[in-house]
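The values are calculated or read from the model by the stated rules, or taken from the named source; none is laboratory data. What you see is a predicted model; the values in this text were computed from it and never measured. Note that we place each Cβ from the backbone using ideal geometry, even for glycine, and neighbour counts take in every protein chain shown. Heads up: the accessible areas ignore ligands, DNA and RNA and are worked out on the full protein's heavy atoms, side chains in. Shrake-Rupley method; radii C 1.70, N 1.55, O 1.52, S 1.80 Å.
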Amino acid sequence: MKKLRSAIDVDSFFDGLGNARQCALLLDYDGTLAPFHVQPEGAVPYPGVREALNRILAQGRTRIVIVTGRTLGDLIPLLALDRAVEVWGEHGGERAYPEGNRERATLSEVTLKALGRATLEAQELQALGARCERKASGIAIHWRNLPIKTAQTIRIRALALWGKYATINGLKLHDFDGGIELRARGHSKADAVKTILSEMDDDAIVAYLGDDQTDEDAFAALQGKGLSVLVRDTLRPTRADLWLTPPEELLQFMARWELARAKTA
């Protein structure tokens, strides 16, 4: 675990966590809790991660929230935790509560029609080798593991096809590691983080762990209000406060979280 901001005191953070009345552990999924997989349904958590989360859940003293670009239907079966947790899917476009009720953002008819047209246009990108993922609030094109030149061709063509939707119809283009997404405006991990923070006390202890460019939105929203942690094998430019590599340092972080919250028992 390496500090990326000199002002960050990790020991003080965990000391505060041990004494906090409220705390939340916010977690991205793909690339953070689970390694990337060519087949999305095969992306199960790193060994030991599910057990670590179950132990923190069993304490009953941490609000665990998964914030992901996946749909709820895709993600929840992969978690397979002992207890249900709060999950924000589609970058905040949908939300599942531990009690079972769900919410989904409502899109305008204009936005829905634009997404429909973009989905038809994505057939050209699929013919180039891309994988298309249609969601309720957006559409993503994936080129992970394709040859570099092929990926570049797909990205250039996606921008040409979808650029017209990025300035109208309530949509915006977002790059992520291994793809690009056309998504409804107002749906981002930053929006999810801001909502979660608004539901907690001002002195609550919060950490967000993520790996992707889309997690940078969440890091920015959490600045000055919590701890941002970049989880990936190699360092890249980031707003995060800490950098750790999975799965070893990820498991160490969660073990330290569990120990700190045990002090409040």
- Message: With the requirement that a residue be assigned to a loop (DSSP other than H, G, I, E, B) and within 24 Å of the chain's Cα centre (by Cα), what does the range 120-136 give you?
- Response: Ala130, Lys135, Ala136
- Considering only residues of the range 164-219 that are among the β-branched types (Val, Ile, Thr) and touching a strand residue (DSSP E or B) at 6+ places or on another chain (Cβ under 7 Å), which is farthest from Leu250 (Cα to Cα)? Ile180
- For the range 56-91, how many residues meet the condition of being closer than 18 Å to Arg256 by Cβ and crowded, with 17+ Cβ neighbours inside 10 Å? 6
- Among all residue pairs at least 6 apart or on different chains, which show Cβ distances below 8 Å where the first residue, located in the range 139-165, is closer than 24 Å to Asp30 by Cβ and the second is of a type in the set (Ser, Thr, Tyr) and assigned to a helix (DSSP H, G or I)? Ile139/Thr119; Trp143/Thr150
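Residue-by-condition table, conditions (1) among the basic types (Lys, Arg); (2) within 22 Å of Leu72 (Cα to Cα):
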{"site": "Asn145", "(1), (2)": "no, no"}
{"site": "Arg155", "(1), (2)": "yes, no"}
{"site": "Leu171", "(1), (2)": "no, yes"}
{"site": "Asp177", "(1), (2)": "no, yes"}
- Kindly indicate which of Asp241, Asp201, Asp217, Asp212 is surrounded by fewer than 21 Cβ atoms within 10 Å (Cβ to Cβ) and not polar (S, T, N, Q). Asp201
- Message: Within the range 161-236, considering only strands (runs of 3 or more DSSP E) that don't extend past its boundaries, which have at least 2 residues that are closer than 30 Å to Asp9 by Cα, at pLDDT 95 or above and of a type in the set (A, V, I, L, M)?
- Response: 205-210, 227-231
- Going through the range 136-189 in order, the residues found to be open to solvent by less than 20 Å² (accessible area, probe 1.4 Å) and of a type in the set (Val, Ile, Thr) are Ile139, Ile141, Ile154, Ile180
- Message: Can you find, within the range 17-55, the residue that is nearest to Gly129 (Cα to Cα) among those that are of a type in the set (S, T, N, Q) and open to solvent by 30 Å² or more (accessible area, probe 1.4 Å)?
- Response: Gln39
